[in-house]
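Peer 1: The structure's right below; bear with me while I get my questions together.
The values are calculated or read from the model by the stated rules, or taken from the named source; none is laboratory data. In this text, all values refer to a predicted model and were calculated from it rather than measured experimentally. In this analysis, Cβ positions are derived from the backbone assuming ideal geometry, glycine residues included, and neighbour counts consider all displayed protein chains. Surface areas here come from the heavy atoms of the whole protein model, side chains and all, with no ligands, DNA or RNA. Shrake-Rupley method; radii C 1.70, N 1.55, O 1.52, S 1.80 Å.
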Amino acid sequence: MISNNNFNVNDYYELVALQKALLEAKFNLTPNNENISGSPIIAKMLNEIYALLEEKEKEREGKERWSEWRKIANQMYYLERAIERIIKQEKFNEYEEERKREVIKNYISPFTCNAQELLLIQKMIEYR
């Protein structure tokens, strides 16, 4: 059983199915709920799911495929969708720098980036 505090998933494949469903909801081209994409709650949940997947993958295979897969540089398809959603936020360019970075991280979650990539993504959004 895979467990994390109050939430239980019976096995690895159920956890994979859950992450696929959340990823689909978050990056859907025609969402029913626009708030899912940038939700800090969904971002946190996905990050926790991927932390569990990375842990279980390392136990099973002795390597970390998920951490490489999560790098935003390897996920241009998802990055483009996240940028499109952020651009729809009319007030993004009015946010303070720290808030902009927080919004970007929520939208690109569960994908990760370094500080330089984060700045580049921010500039891509600001200049569209």
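Peer 1: Only residues that are out of contact with any Ser or Thr (no Cβ under 8 Å at 6 or more places or on another chain), among the acidic types (Asp, Glu) and open to solvent by 30 Å² or more (accessible area, probe 1.4 Å): list them for the stretch 34-61, please.
Peer 2: Of everything in the stretch 34-61, those that are out of contact with any Ser or Thr (no Cβ under 8 Å at 6 or more places or on another chain), among the acidic types (Asp, Glu) and open to solvent by 30 Å² or more (accessible area, probe 1.4 Å) turn out to be Glu34, Glu48, Glu55, Glu59, Glu61.
Peer 1: List every residue pair whose Cβ atoms sit under 7 Å apart, with the two residues 6 or more apart in sequence or on different chains, where the first one lies in the stretch 10-33 and is within 20 Å of Tyr77 (Cα to Cα) and open to solvent by less than 60 Å² (accessible area, probe 1.4 Å) and the second, anywhere, is assigned to a helix (DSSP H, G or I) and of a type in the set (Gly, Ala, Ser).
Peer 2: That search, which allows pairs on different chains as well, returns Lys26/Ser37; Pro31/Ser37.
Peer 1: While we're looking at this one, here's another question. Could you tell me whether the stretch 113-121 includes any residue that is open to solvent by less than 40 Å² (accessible area, probe 1.4 Å), within 30 Å of Val9 (Cβ to Cβ) and either part of a helix (DSSP H, G or I) or of a type in the set (Gly, Ala, Ser) (or both)?
Peer 2: No: zero hits.
Peer 1: Only one of Asn93, Asn74 is without any contact (Cβ under 8 Å) to a residue 24 or more places away in the chain, polar (S, T, N, Q) and within 19 Å of Leu119 (Cβ to Cβ). Can you tell me which?
Peer 2: Values: Asn93 fails: without any contact (Cβ under 8 Å) to a residue 24 or more places away in the chain.
The unique qualifying residue is Asn74.
Peer 1: Can you tell me which residue is nearest to Val16 (Cα to Cα) among those in the stretch 78-90 that are free of Cβ contacts under 8 Å to residues at least 12 places away in the same chain and open to solvent by 70 Å² or more (accessible area, probe 1.4 Å)?
Peer 2: Within the stretch 78-90, the first condition is being free of Cβ contacts under 8 Å to residues at least 12 places away in the same chain, and the residues that meet it are 80, 84, 90.
From what is left, the residues that are open to solvent by 70 Å² or more (accessible area, probe 1.4 Å) are 84, 90.
On the way: Glu84: 26, Glu90: 34 Å.
Going through the qualifying residues, I end up with Glu84.
Peer 1: Quick check: is even one residue across the stretch 100-108 open to solvent by 90 Å² or more (accessible area, probe 1.4 Å) and either more than 13 Å from the chain's Cα centre (by Cα) or over 14 Å from Ser39 (Cα atoms) (or both)?
Peer 2: no
For every residue, the table says whether it meets (1) touching a His at 6+ places or on another chain (Cβ under 9 Å); (2) in a loop (DSSP other than H, G, I, E, B); (3) at pLDDT below 90; (4) hydroxyl-bearing (Ser, Thr, Tyr).
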| site | (1), (2), (3), (4) |
| --- | --- |
| Ser3 | no, no, yes, yes |
| Ala17 | no, no, no, no |
| Leu23 | no, no, no, no |
| Ile41 | no, no, no, no |
| Glu55 | no, no, yes, no |
| Tyr78 | no, no, no, yes |
| Lys100 | no, no, no, no |
| Val103 | no, no, no, no |
